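So the structure is just underneath, and the comments pick up after that.
Just so you know, all these numbers are worked out from the coordinates, no wet-lab data involved. Bear in mind the structure is a predicted one, so any value in this text is a computation, not a measurement. Reconstructed Cβ throughout: ideal geometry from the backbone, glycine too, with neighbour counts over all protein chains shown.
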């Protein structure tokens, strides 16, 4: 009997250690139990993955949830599923294509006309390492969707959020921002050879820089803006990567991925925390890795780059003209 004791103990130790490591890598569950009854929440890219799990949890906490998605069939299905699980009738699907500035303007105008207040905006949607695609307006797809679409959307909702009082803006970035470089002279990769990974990292660095500059401009308004790295999660975001398609990665590395890669529910916890936690009231311009505030890369705190990126982004999306026409109730074509 004793000869089996050591092997069994070792197996038990390995299994136990693996489970503990898995829990640690998951990053923990949002510690706040705060509810958000009466608050309106907009989540981009909420029909699947992290966005969907975020929407589900915030619906459970009593918020009015607006799923803003490009694919309306999937969006309606997700909204229906969330309503069924939460017994909430305050979950809605609305069309938003971040690769189209026209769509962003139309969505924002619809929200500004129909919603009395917007309390939480979670800029969650993203595309990662796609081929060299261009948006409807001629921008490199990752920069256009991950940064410019959210930049325009946020700015068009700012007055509504300022009037709502103590609103929160949450930008889902990535640890990949560390490898990003902002090339203000060639943001769309028209002069240099396209590198899909570098383009993704640039867009994620832009998310953090945008948050920093936005927070600075929002000082004194009651609206806060923070960015976060949700962790590496098993979602559809990696559909364009070779690893996602590789049978070797799926089979041979499957157990390792199980330990190191978060589930969408686990990866949604930082967004949920920043959206609801009472201790986050008034906290702005910060970067979170999971549930903990961390220092982003030094380049992500360069105030001059953040300012120049804002000015360039505003120019690219015709921000001043768009805001002027929204005041008159028109839509920029």
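Percent antiparallel among DSSP beta bridges with both residues in the range 31-328, to the nearest 5? If you can, show how the numbers build up before the last one.
Details: 4 of 30 bridges.
Roughly 15 percent of the beta bridges in the range 31-328 run antiparallel, per DSSP.
Among 130, 30, 69, 75, which comes first, second and so on when ranked by fewest other beta-carbon atoms within 10 Å? Don't skip to the end; give the middle numbers.
On the way: 130 16, 30 20, 69 26, 75 23.
Going from sparsest to densest Cβ surroundings: 130, 30, 75, 69.
By its C-alpha gyration tensor, with a ≥ b ≥ c as the square roots of the eigenvalues, how is the range 31-328 shaped: rounded for a/c under 1.5, else prolate for a/b larger than b/c, else oblate?
Working: a/c = 1.34, a/b = 1.05, b/c = 1.28.
It is rounded, given that a/c, with a ≥ b ≥ c, falls under 1.5.
Quick check: residue separation of residue 181 and residue 73 times 0.36 nm, minus the Cα distance between them. What number comes out in nm? Spell out each step's value before the answer.
Working: separation 108, 0.36 × 108 = 38.88 nm, distance 3.61 nm.
Roughly 35.3 nm would be gained on extension.
Would you list 133, 310 from fewest to most Cβ contacts within 10 Å?
Numbers: 133 15, 310 21.
Lowest count first: 133, 310.
Take 276, 104, 232 and order them by how many other Cβ atoms sit within 10 Å, fewest up front. Walk me through the intermediate numbers first.
Values: 276 22, 104 27, 232 17.
By the 10 Å Cβ count, ascending: 232, 276, 104.
State, to one decimal in nm, how far the label point of residue 29 lies from the label point of residue 301, with both points 7 Å from Cα in the Cβ direction.
Label at residue 29, label at residue 301, 3.4 nm between them.
Could you tell me whether the range 256-308 comes out rounded, prolate or oblate from its Cα gyration tensor? Rule is a ≥ b ≥ c as square roots of the eigenvalues, rounded for a/c under 1.5, then prolate if a/b exceeds b/c, otherwise oblate. If you can, show how the numbers build up before the last one.
Working: a/c = 3.04, a/b = 1.41, b/c = 2.16.
Here the range 256-308 falls in the oblate category.
Quote to one decimal, in nm, the extra length available between residue 85 and residue 110 on full extension: 0.36 nm per residue of separation minus the C-alpha distance between them.
6.3 nm
Quickly work out the residue 216-to-residue 283 label distance, labels modelled 7 Å from Cα along the C-beta direction, and quote it in nm with one decimal.
2.2
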